[in-house]
Amino acid sequence: MNIATEPGYRLEGTMLEICSCAVSCPCFIGEDPDGNECFGVIAFNLEHGEARGVDVSGLTLVNVAHIPGNALAGEWRSVLLIDSEASDAQYEALLDAFGGKLGGPLADLASLVGELVAVERVPIVHEAQQAEGRLQAQGMLEAEFAPIQSSPDGTTATLHDSAFTTVKGAPAYLGKSRRYRVDLPQYDMSWSFNGRNAIQTAWKMEHQP
């Protein structure tokens with residue numbers, strides 16, 4: 001058995017945020033959420049990358065979060081959903097990276113979580129491009145969403161260089177949920193919203209200590 005010795009990570013893909021805020025989500029630009037709290041999911045679809053020397057390409061990780069104020073102020077109450085396609089080594093590498101143990105920008109992101117309630121391994125379907133498609137975690141999460149077309153030629157509305165941008169100049173595509181439901185009653189996290197925010201952008205983080 002080979003034991004990975006690389007301490008850092010190189011990850012890239014897309015970040016998809018679906019939440020209870022109206023379109024477009026004020027959290028994404030660093031403002032307070034609608035109603036002063038946000039019920040959201042943030043899905044990281046890892047097209048390419050490795051963590052701790054373990055290849056994690058093709059996997060998806062979802063942070064289901066209740067955010068009780070400004071997103072950048074922290075105190076998120078979160079459940080992490082990790083793709084059941086992940087091997088034990090991939091699962092541990094992803095948990096170390098997104099849990100902040102490997103340092104760097106993912107540690108900054110993890111620091112926003114005040115309470116990590118649970119980590120679940122679950123089949124995840126991520127079929128999303130430019131804020132159009134669906135996200136499902138079997139028995140726990142269902143979402144369908146469509147882009148907001150802001151011009152006569154059907155171009156999707158975008159934001160650039162927002163608070164959560166990780167790829168300089170990459171557009172964040174604005175969409176709206178047709179259906180969005182979280183069902184985690186065992187963790188007191190169940191909600192349903194339609195016609196609310198969905199936003200997707202290119203995502204990249206790297207840290208090699």
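Read the figures in this text as sums done on the coordinates, not as results from a lab. Just so we're clear, the structure is a prediction, and the values are computed from it rather than from any experiment. FYI the Cβ positions are ideal-geometry reconstructions off the backbone, even for glycines, and counts take in every protein chain you see.
Table for the structure above
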read-out: Euclidean distance of C-alpha centroids, the range 86-129 and the range 9-75, integer Å; value: 11 Å
read-out: Relative contact order (%) - the chain, alpha-carbon pairs under 8 angstrom, separation at least six; value: 24 percent
read-out: Cysteines without a disulfide-compatible partner [the chain; Cβ-Cβ under 4.7 Å]; value: Cys19, Cys27, Cys38
read-out: Whichever lysines have a C-alpha closer than 30 Å to that of Lys101, once near sequence neighbours (fewer than 8 apart) are set aside; value: Lys168, Lys204
read-out: Label-to-label distance, nm, for residues given as Ala163 and Ala118 (7 Å Cα→Cβ offset); value: 2.9 nm
read-out: Rounded tilt (10° steps) of 88-98 against the dominant C-alpha axis of the chain; value: 60 degrees
